[in-house]
Every structure is written in C-alpha cells, then in structure tokens.
Amino acid sequence: MIVINVGFQLVSIDPSEVKGIGRDGIGEIPVKDGGSLADAMHMVGLVPDKPFMTLVNGDPVAPENRDDKVLNDGDQIAVFPPIEGG
Amino acid sequence: MGWQEKVLRVDLTAGKITPEPLNMEWAETYIGQRGLGTKYLSEEMDPAVDALSPQNKLIFATGPLTATGASTGGRYSVITKGALTNAIACSNSGGQFGAYLKLAGWDMLILEGRSPEPVYLLVENDDVRLLPAKDFIWGETVWDTEDKIIAKHQNPNLKIASIGVAGESLCRYACVMNDRDRAAGRSGVGAVMGSKNLKAIAAYGSVGTKVANPQAFKEANAAARAKLDPSEPRKRLSSIGTHAMLDVTNSYGSLPTLNCRAVQFDGAASVNVKAAHTPRRSDGKANLQTNKACFACSIGCGRIASIDPEHFSVKDKPRYQISLGGLEYEGIYAVGPMCGVDDIDAATYASALCNEHGMDPISFGASVAAAMELYDIGAITKEETGGMALEFGSAEALVWAAEVTGTATGFGVDIGLGSKRLCEKYGHPDLAMVVKGQEFPGYDPRAMQGMGLAYATSNRGACHLRASPFQDDFAHIRTEGKAAIVKKSQDRNAAWDSTGVCLFAGNAWKVDDLVAQLAGALPGNWTVDGFFDAGERIWNLERLFNLRAGLTKADDTLPKRVMEEPALSGAGKGKVAEIGKMLPEYYELRGWTVDGEPSSQTLGRLGLN
C-alpha cells in the first residue's frame, strides 16, 4: 500500500487525548494514498463528525466535506475545538 | 416563583427610594434581565436623550433564574443608553453581586436623575439607603471601594458593583465592575453611572428565592447539570479558558492585529494560553494561577493570574504582586495582538488596571491600537502624548496607556474617548475599528463573514455575544446562509441573556434544557418556540429603541478597512467583509423594510405595536 505523510497540528486541544501526536500538539502521520481528511482524523482518534473545526493547508474544510477531502503528501492539517469566545 | 416581584426605584436627584411591584405582564413577555430591563427603559425614557444627562436611566436587572440554584444562574445586566454608542446598552455580568441583589428581595433597580453629591447605595434586604461617597470612596479604585465599604459596614458578605475613576471621569468605555474582576463591561454603562454621581451599589441578601414548581425545577436543573458538568466545552473552558481562542483565530487568520492591518500575529506564541501556563524564570510560577467561578457556576472560566514580580510594570508595586484577575480571550486580543504587544506580563498588568479602574479591556485595547496607528502615521506626536513613543508593539506604551487612561491623566483622557471619537479628533475617522461607536471584539470579519454581519447588525455595536456564527464561520468563508444563522442566534441569545443564566452553559445545553428550567421556575407555559419568539421580540424592541435614538440603516455597517482592504494572510487571504451581500437578506428574514425598520406586520406579530 502506498502511504503518504501529512502534518497534523492540534490547536487548543490536549495532545494526550490524541494518538500519535507529540506533546506540543504537532506531528506527522502516515495516511494511505488517496486517504481523506476523515481518515486522517480517525487515525489519531478524533471522531470526524464531532464538531471540530479543520483546516487543510490553511483552508477551512467543513465537517460535511471531510470524507471527500482527499489528502496529498505533505498536506498540513490543523484541528481546533468549537470554542465560542467570551 | 422565580421572581421576587419587587423593583427598587431610586430617584438620585431627590434622594428618594421607592419600592414598587414588578410588572408581571411584561415579565411574561420579555422574560427578565436584558429583555425586561429594555422594556422598562423603552417605556420610561426618550431614547433621544443625552446618554450622560440626568434624563438617562440606569437599570440593574436580574433574570428569573438568577439565584434560584439554576446552573450558572448568577447573572445580572445593566441596561441604559450607552455612553460609548448612543444606542441601547445592555452589559451582562456574573460574579456574586446579581445573585445577592436578588437574594435581598429585589428583581431590579431603576436609577433615575443625578445625585447632587457623590453617593453609594446600600441594599441589605429591605433596608435600603443612599449614603455619601464623598471623602470616603469617590476617587478610589474599584478594589479599594469594595474593601472600604465592607470595612465600614462590617459585613464581609456584601457584594459590590462599582465604578472606578474611569467611570467618575466619564471615560466612554467605563465598566460597572463587581466582585473585583467581573464586569458589566461594554458600551460605557460605567460612564452613565458616573454621570449620576453614583459610585457603588452594595448588596447583601438573606431573603432567598422561590420557584413555581420545585419538583419540576429540581429535575430540570439536575438534568442540565448532568449535561454540563462532564461536557467537553465545560472542561475546556475550565482548564484553558476563553484564552485558548487566541490560537484558533491566529491559526485561522481572523485575529485582529495591529488595528486590523493584519489578521495573524507573529508574537502569538508569547501571549497564548500555553505561554500563560509556562513557569517563568524569576519565581518559577506560571502567569495562570488558577480558575474562578461565578455564583452557582460549575464551569469556572474566570482566570486568576500573577504578574512576574521582576517585570518592569510591577517591580516596585507590591499592590500588583498578588493573584489577580487574569487574561481572557477578548482582553488579551485587544491589549496584545491588536496593539502588536507580545509581552504577557504587560498585557496582564494592563488587564488588571482595566479591572482596578473600571474600563472595558476590549474598547481600551482597541482604542490604544487606534492611537498607535495615529502615532504611526504622524497624526499624533510626542507633543500630544507628553513624550511617550506610542508605537505598535511597545509594552511600555501599553502599560503607560493603561495607567493614564485609568486615572484620566493627560493623553489618557483622549484614549478614554474611545476609538471613534479619538480618530475623529485627530482627523482619521476611518481608523476606528468600531460599529456604532463600539470597538471590535477579537474576530476579524474578513475571514468570518457571519461575524461581520453580527457586528454590523448588533444593537449595542460590535459584539461577539449577540450572535453565534462561530461554527459556520470556522467552516465556510462565504456569505451564503449567514443571515439566517445570525438572525436565529441573535434571537436565541437575546432570550438567553434575559434568564439570569450564563451564555456559556449553552456550549453544552440546547435551548430545551434552559426552557425546562424556566418552566419549573415560573408559572405559565414555557416552550422552545415561545423562547425564540421572546428573543425576537426583545431584539426588535432594542432596534426600535435605537431608531428612536436616531440610528439608521447607515449604522449597520463595518469600518472601511475591513470592507476594502483584503486580508493579508490566513484562510481569508484576499477576502474583504462583504456586508452588502448579506444585509438585504438579513432585513428580509427579520421582517424589516429595506431601510432596516420593522414593518407594521412584524411589529403586530410580535405585539410591539
């Protein structure tokens, strides 16, 4: 199976709750070629249909589009929680 | 039954205090707090009066769930015509004060006129007195005012709402502070209090509260707590607070930076939540000491911090080398990235001075940022500042600005005008990042189009709490669909802010969970649909107040910068705020005319004719 590597950054999420990501919340994970953003989230233990916000290479990807968002080698994913400010 | 059914009317001009029954018909229609206070204000006052004149009224209103034991039910609001905005002002606060006012037997205080001499109001159950503040607490900080009142009356259980020197000197964004570091923060409600020569309200209550259906209320409250307490949003707000938003907006490219010249801040890592948790070299302590909760709250989003004792801002000031109110997102955005300052201790000190002197840190920070840009382009010089180089990124300038503004000294009086009046005075009105005269919170509307519409249409000026477009904004940079999201969440939040419960509980609850508690506390038939109807009624009532005050469709807009200068980076790179694409749909959804006025059908439907 061909595997690609994508960067993964957790923003304001405790890294201890996530698999395969460093304590600083930044890491690189392998994903099968043709894999989606949802696949990558599954790999680290994040449930894609939970209301996380996601960016790929700085562009937002809505929850309903995560299954269809195909990743490329070197893509940078950022995930952050649904905080409402105050 | 949720209510004490008593209002305390205080004629400050005559020194007369009159109890009166709460208008229960209005309470059924406008819920309480924000909605009911606005109804009283609209009925009793001409919205066209000068906000700082004796003709303006100042209302402290609790909600039907305040102090009932409802989860997070300790809120109160200050409702008046805003000194910053000349529009309806409704500033919501937590802490203990609102609950103790209700426990003293009062649902609402209506303050009228202007006292000939500075006074404070002491409320101990039915024993209510106006007492002289001159040669006692007038001229004192918020912190010293609280300490002195408690010492004088020998009652450590008094909970106090007060103004600092900023409010006394009519700083346009002065707050009403309570419990040292909680604030009815926005729109200049503290300046209105200052204009009335009212320094403080001290409340102690032991009357208790009752609910209409104790069993139903108990069950609804227990169910709500069972949802809130283990929820991820509660845990996150408790452990990392709202401060965590800074990494989110910085990553996304919606962090207002350098007076909105930029949308991402190079120095974010020095002022983010991780920086606040990292022990420093001098004493091994972290900026963040612990968290703090308000009355009946299990979230505890409040921050308690300490400033590095070796930092230049506090080195010779033991007064500030203690645990004090810490950094929350809206404050750190404003005194940090908006001013280009990456010094967490300077930011914490500036934030503490906002608490001590009673200033809204959002408007203060954004006003300093506007002043820094005016300095940058040469419109302000050292001649005006008295020698201070008011440069973007200067921690020294930020610290100085907090000191001179909080004490209304020298150029601090100009900073206290707020961005709009400051930029007009120095000939560059377009540099004020405001809506209806009120400064932006920490969300740049170029990457967050829904928030742009929320700012533009907010009845109290730019505000992040009047609507909740966050989730859609962080998923879609588009204008489609935003009008409906903004309208619905405005109605929801208007009703929610009228209950006495914290908006943050809504991160774990649905509206049903709150309505079930209302239904247990109050007589009558409370439904989710009725809740949204009440919210829409309140929103339209606020709009009518503003129209009568002289505001128009032209005030539903954003600063030229965010509508014409594209974002330089982030997810919204190249985008501008496209308010013109969203506003007509928003008006239509609201049932307003193309001029932004509620139609006669809408008024009739909402019972506002």
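Of the set (1) over 26 Å from B:LEU606 (Cβ atoms); (2) out of contact with any Phe, Trp or Tyr (no Cβ under 7 Å at 6 or more places or on another chain); (3) buried (at least 21 other Cβ atoms within 10 Å of the Cβ), all apply to B:ASP50 but (3). Among the residues making up segment B:558-590, those that are buried (at least 18 other Cβ atoms within 10 Å of the Cβ) and not in a helix (DSSP H, G or I) are B:LEU558, B:PRO559, B:ALA567, B:GLY570, B:ALA571, B:GLY572, B:LYS575, B:VAL576, B:ALA577, B:GLU578. State yes or no: is B:ALA475 over 20 Å from B:ALA191 (Cα atoms), within 13 Å of chain A (Cβ to nearest Cβ), aliphatic (A, V, I, L, M) and assigned to a loop (DSSP other than H, G, I, E, B)? Considered against the rule, which asks whether it is over 20 Å from B:ALA191 (Cα atoms), within 13 Å of chain A (Cβ to nearest Cβ), aliphatic (A, V, I, L, M) and assigned to a loop (DSSP other than H, G, I, E, B), B:ALA475 comes out as yes. Of the listed requirements (1) in a helix (DSSP H, G or I); (2) open to solvent by less than 40 Å² (accessible area, probe 1.4 Å), B:ALA226 misses just one: (2). Checking B:ALA305 against (1) within 25 Å of B:ALA402 (Cα to Cα); (2) open to solvent by 10 Å² or more (accessible area, probe 1.4 Å), which test does it fail? B:ALA305 satisfies every listed condition except (2). Go through segment B:438-490 and report how many residues are under 18 Å from A:ALA62 (Cβ atoms), among the basic types (Lys, Arg) and touching a helix residue (DSSP H, G or I) at 6+ places or on another chain (Cβ under 6 Å). Selection size over segment B:438-490: 1. Within segment B:1-27, residues that are in a loop (DSSP other than H, G, I, E, B) reach partners that are among the aromatic types (Phe, Trp, Tyr) with beta carbons closer than 7 Å, at six or more positions or on different chains, in the pairs B:GLN4/B:TRP106; B:LEU22/B:TRP3. Between B:SER187, B:SER206, B:SER169, which is under 19 Å from the mean Cα position of the chain (by Cα), at pLDDT 95 or above and among the polar types (S, T, N, Q)? Checking each option against the conditions leaves just B:SER187. A residue that is crowded, with 24+ Cβ neighbours inside 10 Å, out of contact with any strand residue (DSSP E or B) (no Cβ under 8 Å at 6 or more places or on another chain) and not hydrophobic (A, V, I, L, M, F, W, C) occurs nowhere in segment B:282-290. Check B:THR409, B:THR457, B:THR405 and return the single one that is among the polar types (S, T, N, Q) and not assigned by TED's automatic domain parsing to the domain that holds B:SER251. B:THR457 is the lone residue from the list that is among the polar types (S, T, N, Q) and not assigned by TED's automatic domain parsing to the domain that holds B:SER251. One residue alone among B:GLY15, B:GLY32 is over 23 Å from B:CYS171 (Cβ atoms), among the small types (Gly, Ala, Ser) and open to solvent by less than 10 Å² (accessible area, probe 1.4 Å), and that residue is B:GLY32. Restricted to strands (runs of 3 or more DSSP E) entirely inside segment B:141-217, those with at least 1 residues that are among the charged types (D, E, K, R) and touching a residue at least 40 places away in the same chain (Cβ under 8 Å) are B:159-162, B:182-184, B:198-204. The residues in segment B:65-91 that are more than 18 Å from B:CYS294 (Cβ to Cβ) and in a loop (DSSP other than H, G, I, E, B) can be counted, and the count is 6. The one condition from (1) without any contact (Cβ under 8 Å) to a residue 40 or more places away in the chain; (2) in contact with an Asp or Glu (Cβ under 6 Å, 6 or more places away or on another chain) that B:GLY284 does not meet is (2). Screening B:ASN459 against (1) within 10 Å of chain A (Cβ to nearest Cβ); (2) surrounded by 24 or more Cβ atoms within 10 Å (Cβ to Cβ); (3) over 19 Å from B:LYS581 (Cα atoms) leaves a single unmet condition, (1). With respect to being aliphatic (A, V, I, L, M), part of a loop (DSSP other than H, G, I, E, B) and closer than 22 Å to B:ASN213 by Cα, B:VAL515 falls outside the description.
The values are calculated or read from the model by the stated rules, or taken from the named source; none is laboratory data. Everything numeric in this text was worked out from a predicted model, so none of it was measured. With ideal geometry, Cβ positions are generated from the backbone for all residues, glycine too; neighbour counts draw on all protein chains shown. Please note that ligands, DNA and RNA were not included when accessible areas were found on the heavy atoms of the full protein model with its side chains. Shrake-Rupley method; radii C 1.70, N 1.55, O 1.52, S 1.80 Å.
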